[in-house]
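**Student:** Can you read through this structure? Questions will come right after.
The values are calculated or read from the model by the stated rules, or taken from the named source; none is laboratory data. Note that this is a predicted model, so its numbers are computed, not measured. Cβ placement follows ideal geometry from the backbone for every residue including glycine, while neighbour counts extend to all protein chains displayed. In case anyone asks, the SASA skips ligands and DNA or RNA and just uses the protein heavy atoms, side chains included. Shrake-Rupley method; radii C 1.70, N 1.55, O 1.52, S 1.80 Å.
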Amino acid sequence: MLRCRPDTNMSLDLDKLRALFDLLAEKDIAEFEHEEEGTRLRVGRGPRNSFVAPAAIGSSPAAHSVAPPIGGANAQNDGSPPSADFVDVTSPFVGSFYRSPSPDTPSFVEVGSVVRAGQALCIIEAMKLMNEIEAECAGTVIEIFAQNGKSVEYGQKLFRIKKA
């Protein structure tokens, strides 16, 4: 996926763009966003619904983060059988789990919160980047597995959402 606003004139150095694509593939980076002189470039791999949005928590609005895709819609690592009634949102990488954008603000969601697809659920700090994790589908949060401020592992369940 390569998108740019149709109302902007965007000139790109194709050699630099190819080098960027090669680097993103080599490092297995699923999404990248960059803005320079009013031109924003956003590159992503994989299905659109599996991306997490960049977050700029505690920094300037121009700051962006890079995050790999969230685990599969029914990714489970507890051995329980898959269910069509709920989705387990898993951690896309190792990092620190935060339920709110800052210590003095309310949590993104609580058990019982109704969420829409793409809504922020939490933040995972990895390599000093704040990565917003989004709901993969609309529904109701029925369980929160991770503890605020604690480390999470790749593939660890964070939330269970009952599909709407």
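**Student:** Give PHE93, PHE108, PHE97, PHE86 a once-over and let me know the one that is under 17 Å from the mean Cα position of the chain (by Cα) and at pLDDT below 95.
**Tutor:** Within the list PHE93, PHE108, PHE97, PHE86, the selection yields PHE93.
**Student:** May I ask you to list pairs of residues, at least six apart or on different chains, whose Cβ atoms are under 8 Å apart, with the first in segment 109-138 being of a type in the set (S, T, N, Q) and the second being part of a strand (DSSP E or B)?
**Tutor:** SER113/THR140; SER113/VAL141; GLN119/GLU134; ASN131/PRO54; ASN131/GLY95; ASN131/ILE123; ASN131/ILE124; ASN131/GLU125
**Student:** Next question. Looking at (1) modelled with pLDDT of 95 or more; (2) within 14 Å of the chain's Cα centre (by Cα), which is the one condition that is false for VAL115?
**Tutor:** Of everything listed in (1) modelled with pLDDT of 95 or more; (2) within 14 Å of the chain's Cα centre (by Cα), VAL115 misses just condition (2).
**Student:** Which ones in segment 108-164 are open to solvent by 40 Å² or more (accessible area, probe 1.4 Å), in contact with a Lys or Arg (Cβ under 7 Å, 6 or more places away or on another chain) and in a loop (DSSP other than H, G, I, E, B)?
**Tutor:** PHE108, ALA138, PHE145, ASN148
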